[in-house]
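This report refers to the structure that appears directly beneath it.
Only the coordinates and a few stated rules stand behind these numbers; no lab work does. Note that the structure is predicted; figures quoted are calculated from it, not measured. Neighbour counts run over all protein chains shown; Cβ positions are idealised from the backbone, glycine included.
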Amino acid sequence: MQSRLRSKTKLIAEINTVPFTDVVLVLLVIFMVTTPFLFQGSFQIKLPKVAAPSPNLPETITITVAPGDKILLNDKEVSLDDLTDQLKTLVAQKPTAIVMISADKSVTHGDVVQVMSRAYVAGVTKLGIAVEVDNQPSSTSPASPATSK
């Protein structure tokens, strides 16, 4: 009778790959979700804050000036020498577009002026500088003239 029971409870000597497959698929999903964040964080621009409403702009061409002499034209890195030629092409395609310069607040004034100069040489007539809107009232707002008695 016992020989019958032992024959029914035969051991299975196969590797169960279902848990392994589940773990691999979960890791794949995690990597797919986190990969875009790795590349977006490479250029972090800290715009200066101002107490002004942000305008709704129609078509814009964006020039980003990042620390370390990095310039991006519509999120594509370009050199300062190539900026004029590429801007001429974009302005010819979109003559009514506004060129917005987003410069990090640690970038020097001279670097921003060089970019502005290249934009004017390329034929840009509408140029703006992007800022971050500060919703809190600032203590650095222009003071009213003091009156003396």
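List the aspartates and glutamates whose alpha-carbon lies under 20 Å from that of LYS46, not counting same-chain residues fewer than 8 positions away?
Excluding near neighbours in sequence, the set is ASP69, ASP75, GLU77, ASP104, ASP111, GLU132, ASP134.
Using θ = phi - 60° and the Karplus relation 6.51 cos²θ - 1.76 cosθ + 1.60, list the HN-Hα couplings for region 65-77 in order, rounded to whole Hz, with x at every Gly or Pro.
10, 9, x, x, 6, 9, 10, 10, 10, 6, 6, 10, 5
Enumerate the calculated ³J(HN,Hα) couplings along region 94-110 in order (Karplus 6.51 cos²θ - 1.76 cosθ + 1.60, θ = phi - 60°), each rounded to whole Hz, writing x wherever the residue is Gly or Pro.
Those phi angles translate into 10, x, 9, 6, 9, 8, 10, 9, 10, 10, 4, 5, 8, 6, 6, 4, x Hz.
Sorting check: for 10-22, 118-130, which peptide has the highest mean count of neighbouring beta carbons within 10 Å, and how do the rest follow?
Those peptides, ordered most packed to least, come out 118-130, 10-22.
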